[in-house]
Amino acid sequence: MATTPLTAPPVEKPPAPAAGPPAANPKKGVLSYWRLYAAISPFYLLFLAFGLIPVGFSLYLSFHRWDGLGSMEYAGLSQYRYLLSDTDFWSSIGNTLIIWALATFPMIFLAMITAVMLNSAVRFKNVYRFAYFLPNVTSVVAVAIIFGSVFSTNFGLVNALLQAVGLDQIAWLNTPWGIKVAIATLMTWQWTGYNAIIFLAGLQTIPGELYEAARMDGAGPVQTFFRITLPLMRPVLLFVLVISTVTGLQSFSEPQVLLQSTANESTFSGGPDHAGRTMVLYFFQQTFDNNDFGYGAAVAWGIFLVVVIFSIVNWRLVQRRGED
């Protein structure tokens, strides 16, 4: 009997994968989005023209002597060495730090209290927010002129109030500490509402259940503030402190306009005895009064270093307290 040989069943080949689209050319892919790049290019072009290029040129200029018209003369590090021994520059740093301290800490305290009050308000919330934020969008020049009248020696509102309670007048804009207090008061009035709005945004992110649980445990308003509100607001407080440091150490318009009528040398001198001459005012004095653009650029980079150092110090202090 014949037997038929066993044969393996035919193996079915898997279907060939469908041919996908051809690999995209990376260069062609980038070029295909040229309309989007063109749409966002104005920002980068403006930032390049008015940001990076001026910064780079100021660094280059700080190593040269230049009066703005003639040819530049290479000076190396001599201007930075002179900057380290410049007593006027160090005096301007001291004035700036004192004004910053007199303005920043009361401002943060008032801003926090204002934010807590706004957060607990029931009616007219938006009206209060607008009223507190209005000083920040008001012209600094106009505000400085008004504060110059408020702190006037003979006809100022502050001295009128002092006389009303039986105290002597104070020459606010003619004494070193009076000048610093006047500038700090102006800055506090200008930035309290702005920081209060930031604090208010942080307060509204805290869950209400935490406050309800604290009240059920018998915690009072003071304990609730220090045990719940303040710890949870630490990141916002850090942001406000850093921003206040950056803006406060670069104060210019406030002392310049407030003291221009009392300046005995120039509008950048900072009033009598240079008591209100901040770092930025000193930069303008060296650059535009003395026409020393090279040294002015070195002063500008010195200001940058001071702002960075104090911002880092403040950030580290607040962060370390948060870790503790």
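Which of (1) within 29 Å of H274 (Cβ to Cβ); (2) within 25 Å of the chain's Cα centre (by Cα); (3) not aromatic (F, W, Y) is the odd one out, the single condition L45 does not satisfy?
Here L45 meets the rest and fails (1).
Kindly establish whether D86 is open to solvent by 50 Å² or more (accessible area, probe 1.4 Å) and either touching a Gly at 6+ places or on another chain (Cβ under 8 Å) or not basic (K, R) (or both).
No; evaluated as a whole, the condition is false for this residue.
Every residue in the stretch 191-223 that is of a type in the set (S, T, N, Q) and in contact (Cβ under 8 Å) with a residue 60 or more places away in the chain, please.
Within the stretch 191-223, T192, N195, Q204 qualify.
Return yes when V242 is touching a residue at least 24 places away in the same chain (Cβ under 8 Å), more than 28 Å from G294 (Cβ to Cβ) and surrounded by fewer than 17 Cβ atoms within 10 Å (Cβ to Cβ) and no when it is not.
Yes: the conditions hold for V242.
Can you pull out the residues in the stretch 96-121 that are among the aromatic types (F, W, Y) and either over 16 Å from G202 (Cβ atoms) or under 17 Å from the mean Cα position of the chain (by Cα) (or both)?
Residues satisfying the conditions are W100, F105.
Looking at the stretch 69-83, which of the residues that are in contact (Cβ under 8 Å) with a residue 24 or more places away in the chain, more than 10 Å from G294 (Cβ to Cβ) and not hydrophobic (A, V, I, L, M, F, W, C) is most open to solvent (accessible area, probe 1.4 Å)?
Filtering first and then ranking leaves Y82.
The values are calculated or read from the model by the stated rules, or taken from the named source; none is laboratory data. Predicted model only: the values in this text are computed from it and were never measured. Note that each Cβ is placed from the backbone with ideal geometry, even for glycine, and that neighbours are counted across all protein chains shown. These area figures cover heavy atoms from the full protein model, side chains too; ligands, DNA and RNA do not enter into them. Shrake-Rupley method; radii C 1.70, N 1.55, O 1.52, S 1.80 Å.
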